[in-house]
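Notes to accompany the following structure.
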Amino acid sequence: MSTSFGDVDGGKVFAAVDIGASSGRVILGRVGDGGVGLEVVHRFPNGVAEIDGGLRWDFDALFAEVLRGLSAAATVAAVQGERIASIGIDTWAVDYGLVNGAGGLVAQPFSYRDDRSRTAVEPVHRELDPARLYGTTGLQFLQFNTIYQLGAEPDLSGLQALLIPDLIAFLLTGQRWTEATNASTTGLFDAVAGEWATEFFTALGLRKDLFPPLIQPGETVGKLLPQIAAQVGLPQDTPVVAVGSHDTASAVAAVPAQEEDFAYISSGTWSLVGLELKHPVLTEASREANFTNERGVDATIRYLRNMGGLWLLSECQRTWAQEGFQPELSALLTAAAALPPGGPQVNPDDSYFIAPDNMPDRIRAAARRSGDILPDDPAAITRCIMDSLAAGYARTIRDAERLAGRAVDVVHVVGGGSQNKLLCQLTADATGRKVVAGPVEATALGNVLVQARAAGAVAGGLAELRRLVVHGHDLQEFMPELSRL
């Protein structure tokens, strides 16, 4: 996507490295008086693979793609007479790489989709009661949270853990930091103090320096290493700036909200559904409801539940393609929309759906366990997924309002799912609220805006940053259709 606008700051552009669980991009962001323009200069696939006996990320290949993307960004900027002012990195959360004292990656990082951490949950809970964990971290229980993954490590002697965006930044700059929004997803972060919960490291026999020190969005990680600068064609003084390195933190920073109380859904492989708060909610009721309190940009709290997402549909499409059926997504959604409401639903959060496998069969099996019969028909299965996600969104928003003592009138859907008109309409119907869909590239926008503010190209808090998103992007509204409720 590219947007025209008036230049504000003498040819400064910002490079956003934005990597999700299935793909990555390097994007040039231009901030002007008309908003924020994005230009994708490099795309690349991402995904887990069986490596060394587990589901891991091919990080070496991933980092090579980051370098190719930065080289492409340098070329595009040079052709247009622009200067890349900084680089920001965001990825998914939870996963990490282990580096030795010399800075070498000792193995390709495990993926959260690997089942190894399941056996570590009970030993961790023997040392740290779940209620105590939640009372400090406010973190939703997920068996793949970093704290449990670390519990599955056989030996951490002499090693340091770097979360994935911090690992990329380290290889670019040689500097080791842990960005705070991602640190808050580890299960080792104090949600109130905004610091590492060092007593948890001690209780689990972990070194207090297992992770590098914390850094906040907007602070400078470091400058490009000389060999990296030469390889990608950028000046050595090009800084890498910490952004909301958990991609959801960047996405929420770019929610185009014009109201103070709103709900958001960052809809992609996963669905992150919740509210933006000033203080965490650490009650027992919140823990029982499995809500998480994660750090946002400007020390906000992303009070949310991590739900299943469009992974279910993409995995179905992969299975159907293997069977020789490859419909266009738009045709599949049109056929699903034509089906009557009230069909079977499944729990999209069921851990049964986490690992890659034959997703259509698993969804039909889950429906059978609930006493429903779901036809072996792609349109019916697609409609089941959409209905299940919308119903889950509505439940989660109602729970968040009750637990946080807040009421919202509008639901903002950002990310890839904002393009899914069927899902957005069903969400409006299920919540009974207006849904504002867009922008698709919220994560990259949040990444760029934090960099631009750090460089002095824009000023203000989140409200001012969001105003640039509202002015610069076409948003679509969906109102509840009472006849469909």
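Values as computed for the structure displayed
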read-out: Of all residues in region 80-91 being open to solvent by 20 Å² or more (accessible area, probe 1.4 Å) and in contact with a helix residue (DSSP H, G or I) (Cβ under 9 Å, 6 or more places away or on another chain), the one that is nearest to Ile215 (Cα to Cα); value: Arg83
read-out: Residue in region 56-69 that is least open to solvent (accessible area, probe 1.4 Å), counting only those that are among the aliphatic types (A, V, I, L, M) and over 21 Å from the mean Cα position of the chain (by Cα); value: Leu67
read-out: Residues that are in contact with a strand residue (DSSP E or B) (Cβ under 9 Å, 6 or more places away or on another chain) and at positive phi, drawn from region 416-455; value: Gly438
read-out: Some residue of region 131-151 being in a helix (DSSP H, G or I), among the charged types (D, E, K, R) and under 21 Å from Phe189 (Cα atoms); value: yes
read-out: Boolean, Pro360 is open to solvent by 30 Å² or more (accessible area, probe 1.4 Å) and either in a helix (DSSP H, G or I) or of a type outside the set (Asp, Glu) (or both); value: no
read-out: Any hit, region 94-102, residues being part of a strand (DSSP E or B), modelled with pLDDT of 95 or more and aliphatic (A, V, I, L, M); value: yes
read-out: Residue match in region 185-205 (condition: of a type in the set (Phe, Trp, Tyr), outside the structural domain of Thr292 (by the TED database), over 25 Å from Gly54 (Cβ atoms) and without any contact (Cβ under 8 Å) to a residue 24 or more places away in the chain); value: yes
read-out: Residues of region 196-211 classified as in contact with a Leu (Cβ under 7 Å, 6 or more places away or on another chain) and over 21 Å from Arg126 (Cβ atoms), total; value: 1
read-out: Meets criteria (outside any loop (DSSP other than H, G, I, E, B) and either of a type in the set (Gly, Ala, Ser) or open to solvent by 20 Å² or more (accessible area, probe 1.4 Å) (or both)) for Ala407; value: no
read-out: Residue check for Val17: open to solvent by 30 Å² or more (accessible area, probe 1.4 Å), at pLDDT 95 or above, under 21 Å from Lys223 (Cα atoms) and touching a strand residue (DSSP E or B) at 6+ places or on another chain (Cβ under 8 Å); value: no
read-out: Selection status of Val76, assigned to a helix (DSSP H, G or I) and either outside the structural domain of Leu224 (by the TED database) or at pLDDT 95 or above (or both); value: yes
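The values are calculated or read from the model by the stated rules, or taken from the named source; none is laboratory data. Because the structure is predicted, anything quoted here is derived from the model rather than measured. Note that we place each Cβ from the backbone using ideal geometry, even for glycine, and neighbour counts take in every protein chain shown. Just so you know, the surface numbers come from the protein's heavy atoms only, side chains and all, with ligands and any DNA or RNA stripped out. Shrake-Rupley method; radii C 1.70, N 1.55, O 1.52, S 1.80 Å.
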